[in-house]
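The values are calculated or read from the model by the stated rules, or taken from the named source; none is laboratory data. Note that this is a predicted model, so its numbers are computed, not measured. So basically every Cβ, Gly included, is an ideal-geometry build from the backbone, and we count neighbours across all protein chains shown. Side chains are part of the model used for accessible areas, which takes the heavy atoms of the whole protein and leaves out ligands, DNA and RNA. Shrake-Rupley method; radii C 1.70, N 1.55, O 1.52, S 1.80 Å.
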Amino acid sequence: MNDLFGSIGQLPGVGKERTERYAKLGIETPFDLLYHFPRTYIDYTKPVWVEDAPNDTPVAVRCTIVQKIAPVYTRSRMALYKILATDGMQDFIITYYNNPYTYRALQTGKEYYAYGRFTGGLLRRELRSPQMQSVENAMLLQPVYPQTQGLTSAMIRTNVKRALSMLTADVETLSPALLATHDLMTLQQALRAVHMPKNTAELEKAQRRLAFEELLLFQLGTRMLRSRARTETVTPMDPATDLSDFYNALPFTLTKGQQLAVDSVIEDLCGTVPMNRLLQGDVGSGKTAVAAAACAFAAKNGIQSVLMAPTEILAQQHYHTLSAFLAPIGLQPVLLTGSVTAAAKRKIKQQIAEKQAMVVVGTHAVIQKDTQFADLGLVITDEQHRFGVAQRAALAEKGGVPHKLVMSATPIPRTLALIIYGDLDVTVINEMPKGRLPIQTIAATGGYRYRAYDFIKQHLDAGEQAYLVCAMIEESEQMENIKAASSYAEDLRKNAFADYRVGLLHGKMKAAEKEKVMAQMKDHELDLLVCTTVVEVGVDVPNATVILIENADRFGLAQLHQLRGRVGRSSMQSYCILLTDSHKEESRERLKIMSRTANGFEIAEEDLKLRGPGDFFGNAQHGIPPMLQTALTGDMPLVAETQQAADAILRADPDLRQQENQSMRLAVLRLFRKNGANGLN
């Protein structure tokens, strides 16, 4: 049992080099390896006849080796190893290139399963470099694992088999009562079945057990964190604090939704336990004004505030917005980011330490050890899912037990929010500021591209600006139809938009380059910005009124909605054009949803139904256990089942101290500590 939690280097065949490669995947022990789940399976359970096998589509066939043909060498010294095989109805050729090992291993007269892509016509079929398994001891559902350079799926399978041999019933995390109530496999059975399934029914049952456990442990942990936070105490701020000068200095009147959000935050700040609140609202709904009110309220109570954003672009935007809201009442924020000069940093950090700076805006630079706050009592993070748990924890520790306000423009369905932000109270701003017009959204095929260009030019000629969003940075041989930002921008500069100022922005540019381009866009030194999704969370350009998104079918609905929010940030009518060449019914349906509604939460719910929550955020959700991404399988009844189970367990045993819950408690601690959360002990 203890060997499972020792170094993975102890497994046969795993030397120093492979240990380092496993470390890149976050795998340090054999137990970690058992939780490195297959991303898919090669299915040998339904072999096809050779005559029915389509070309260029992966299929499995059951065949017998008839003859091994002598190797042939090409002029370039490539060795071709050809084998004659039959499925009993039709002969075909198996070809390997420079692979004498497989050629020698295959035995004449023996039966195999072969998996690969056929080429050729009716009279001559060929299977090139297929995967082969002896029928005698075939794994009919063969796992394919996420890999890194130097680690193949076959290597991982071999190591997993060894780790499985070390597995005992002692690893169980759930109580016998839970297993019986929810009809679950034991953990030992589930881990064996997910790596070496006998059939699809067994695999599905194993996946359900593992999904149940991941969801349950995560929800137990977030509920325990929330409960723990309720036991901490803070000095309440004065509810009689007057904010009338702040409200009077604003260049607009807060919406009803904004005012309700401010009232909720102030009520929390005046309580005896630390605030732990999520402020959700669509792009442009006015969350920063709520944050500014919170900072003003804290400052009037002698408390420092900090707002941390995930990128310099966003930090600068918040700094300028907060300055506009707070400077008129004598409260000037300071900006602390990585690109600030050393001398300026020293001065700003001194102001923070001496309490001359009451409101601080920055990136991860604000959590560095040499940034010391005199009296930090309010921590605000924007787009929390872009930060790791450890980063958020490091910021919170700057103030002992500060109030925490989390802002997010990513519309998250309520069911999913309960899982991801289960330790937070939730406030939603569900209305837009007055004077904003709904963004008109049009979905069209690539055949309308040049008409779309003409439409964009009309708006550029009227003094407005536009974005063109691409799915990739550079061209890819595998995805030739995907518009790539670099070559696309170059083509537009030379041809369709030769008379306009065209800029380029993508994620591989250095921070300083990105800042320069976004500043040019904001100052109207550019008419058109060609970009990747890096612009999804970007600087506010009210003059931008058109966004064209190429290959829109490749984006999730929530991401499309975020991108659409780059325009429509003024009283001018704005437009979003979604181009796609996909003929899939699902793609068309998704784009129809975008055209039909501008409500981010409605879109998020639809996205959840269409894609399942495991894929909801596109890239892995930062700060959320990676296994939870696989656990969120789109099975909402399972989510509800684990929520009810977590509530029942904690009602009976709030700290999981009872004997039957000890293993589950250890599993919760292991899960959260591995992901940087230290609030549980």
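What to note about this one:
- Scanning the stretch 410-462 for residues that are open to solvent by less than 20 Å² (accessible area, probe 1.4 Å), at pLDDT below 70 and hydrophobic (A, V, I, L, M, F, W, C) yields Ile412, Leu416, Ala417, Ile419, Ile420.
- Scanning the stretch 154-183 for residues being modelled with pLDDT of 90 or more and either closer than 25 Å to Leu106 by Cα or of a type in the set (Lys, Arg) (or both) gives a total of 8.
- When the helices (runs of 4 or more DSSP H) confined to the stretch 223-337 are screened for residues that are closer than 30 Å to Leu505 by Cβ, in contact with a strand residue (DSSP E or B) (Cβ under 9 Å, 6 or more places away or on another chain) and open to solvent by less than 40 Å² (accessible area, probe 1.4 Å), those reaching at least 2 such residues are found at 287-300, 312-326.
- Filter pass, Glu202 being out of contact with any strand residue (DSSP E or B) (no Cβ under 7 Å at 6 or more places or on another chain), at pLDDT below 90 and part of a helix (DSSP H, G or I): no
- Pairs with Cβ under 6 Å, 6+ apart, first in the stretch 159-173 and among the small types (Gly, Ala, Ser), second surrounded by 18 or more Cβ atoms within 10 Å (Cβ to Cβ): Ala163/Pro30; Ala163/Leu33; Ala163/Leu34
- Meets criteria (at pLDDT 85 or above and surrounded by 19 or more Cβ atoms within 10 Å (Cβ to Cβ)) for Arg569: no
- Residue within the stretch 173-194 that is open to solvent by less than 20 Å² (accessible area, probe 1.4 Å), polar (S, T, N, Q) and under 26 Å from Pro654 (Cα atoms) present: yes
- Annotation: of all residues in the stretch 28-51 being open to solvent by 80 Å² or more (accessible area, probe 1.4 Å) and among the charged types (D, E, K, R), the one that is farthest from Leu187 (Cα to Cα) is Glu51.
For (1) charged (D, E, K, R); (2) in contact (Cβ under 8 Å) with a residue 40 or more places away in the chain; (3) touching a Pro at 6+ places or on another chain (Cβ under 6 Å), each residue gets a yes or a no:
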position	(1), (2), (3)
Leu84	no, no, no
Met89	no, yes, no
Ile93	no, no, no
Leu106	no, yes, no
Tyr115	no, yes, yes
Ser134	no, no, no
Pro143	no, yes, yes
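- Unmet criterion (only one of (1) surrounded by 24 or more Cβ atoms within 10 Å (Cβ to Cβ); (2) farther than 17 Å from Ala409 by Cβ; (3) touching an Asp or Glu at 6+ places or on another chain (Cβ under 9 Å)) for Cys531: (3)
- Among the residues making up the stretch 128-143, those that are polar (S, T, N, Q) and more than 16 Å from Gln107 (Cβ to Cβ) are Ser129, Gln131, Gln142.
- The stretch 357-371, subset of a type outside the set (Gly, Ala, Ser), under 12 Å from Val306 (Cβ atoms) and part of a loop (DSSP other than H, G, I, E, B), residue most open to solvent (accessible area, probe 1.4 Å): Met358
- When Thr152 is tested against (1) within 21 Å of Tyr35 (Cβ to Cβ); (2) in contact (Cβ under 8 Å) with a residue 60 or more places away in the chain; (3) among the polar types (S, T, N, Q), exactly one condition is not met: (2).
Yes or no, residue by residue, for (1) within 29 Å of Gln659 (Cβ to Cβ); (2) part of a helix (DSSP H, G or I):
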| site | (1), (2) |
| --- | --- |
| Thr158 | no, yes |
| Thr173 | yes, no |
| Asp183 | yes, no |
| Gln188 | yes, yes |
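- Qualifying positions in the stretch 653-669 - within 11 Å of Leu217 (Cβ to Cβ), touching a Lys or Arg at 6+ places or on another chain (Cβ under 9 Å) and open to solvent by 10 Å² or more (accessible area, probe 1.4 Å): Arg665
- Against the conditions (1) open to solvent by 40 Å² or more (accessible area, probe 1.4 Å); (2) modelled with pLDDT of 85 or more; (3) out of contact with any Gly (no Cβ under 9 Å at 6 or more places or on another chain), Glu480 satisfies every one except (2).
- Output for the stretch 55-98, where each listed residue is in contact with a strand residue (DSSP E or B) (Cβ under 9 Å, 6 or more places away or on another chain), open to solvent by 70 Å² or more (accessible area, probe 1.4 Å) and of a type outside the set (A, V, I, L, M): Asp56, Arg62, Gln67, Tyr73, Asp91, Tyr97, Asn98
- Test result for Thr371, among the β-branched types (Val, Ile, Thr), at pLDDT 70 or above and over 23 Å from Phe325 (Cα atoms): yes
- Condition check for Glu111: open to solvent by 40 Å² or more (accessible area, probe 1.4 Å), over 40 Å from the mean Cα position of the chain (by Cα), of a type outside the set (S, T, N, Q) and under 19 Å from Met139 (Cα atoms): yes
- Filter result (modelled with pLDDT of 80 or more, in contact with a helix residue (DSSP H, G or I) (Cβ under 6 Å, 6 or more places away or on another chain) and of a type outside the set (A, V, I, L, M)) within the stretch 541-565: Thr545, Asp553, His561, Gln562
- Elements of type strands (runs of 3 or more DSSP E) in the stretch 8-124, at least 1 residues being closer than 28 Å to Leu210 by Cα: 40-43
- Picking from residues in the stretch 501-528 that are at pLDDT below 80 and more than 24 Å from Ala558 (Cα to Cα), the one that is most open to solvent (accessible area, probe 1.4 Å) is Ala512.
- Residue in the stretch 4-27 that is among the β-branched types (Val, Ile, Thr), open to solvent by less than 70 Å² (accessible area, probe 1.4 Å) and closer than 25 Å to Lys198 by Cβ present: no
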